[in-house]
1. Heavy atoms only, probe 1.4 Å: what % of the accessible area of the chain goes to carbon and sulfur, would you let me know?
2. How far is it, in nm, from the label point at A48 to the one at K20 when both lie 7 Å from their Cα along the line to the Cβ?
3. So for the pair S57, K6, with labels modelled 7 Å out along Cα→Cβ, what separation do we get in nm?
4. So if I place +1 on the C-beta of Lys and Arg and -1 on the C-beta of Asp and Glu, and nothing else carries charge, what would the dipole magnitude of the chain be about its Cα centre? I want it in debye, nearest 20.
5. Please compute the Kirkwood hydrodynamic radius over the chain, one decimal place, Å, based on all pairs of different Cα atoms.
6. Among N10, W35, A63, whose Cα lies farthest out toward the positive end of the dipole of the chain, if unit charges sit on the beta carbon of Lys, Arg (+1) and Asp, Glu (-1)?
7. Which whole-number value in Å² is the accessible area per residue of the chain, probe 1.4 Å?
Amino acid sequence: MALTQKAVQNITVPATYQDKNGLALRVTKTGSKSWIFRYQKDGRRHDAGLGSFPLVSLAEARAACLEMRVQINSGI
């Protein structure tokens, strides 16, 4: 199930929450939240940081995720 902006604001339990298309929200024990783009290349999983919440909104994280996916598929 996809995350919503309101849900992201209200999450306090430390964990990694999946959105869609490889986007995830990582919440730490201290309550800090950061966006992670998870992708697979050459059979290996990689995580790329997209910034912290609320500096990077859900919509901005999704856009960055899509842009990175296009670059990876293009071989960049």
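The values are calculated or read from the model by the stated rules, or taken from the named source; none is laboratory data. Here the structure is a predicted model, which is why all the values come from computation and not from measurement. Quick reminder, even Gly has a Cβ in these numbers, built from the backbone with ideal geometry, and neighbours come from all protein chains shown. We work out accessible area using only protein heavy atoms, side chains counted, and drop any ligands, DNA or RNA first. Shrake-Rupley method; radii C 1.70, N 1.55, O 1.52, S 1.80 Å.
1. 54 percent
2. Taking the simple label geometry, A48 and K20 are separated by 2.0 nm.
3. 1.6 nm
4. Working: 11 positive and 5 negative charges, 40 e Å.
For the chain, the charge dipole is close to 200 debye.
5. It works out to 12.7 Å.
6. Result: N10, furthest along the dipole toward the positive end.
7. Per residue, the chain has 67 Å² of solvent-accessible surface.
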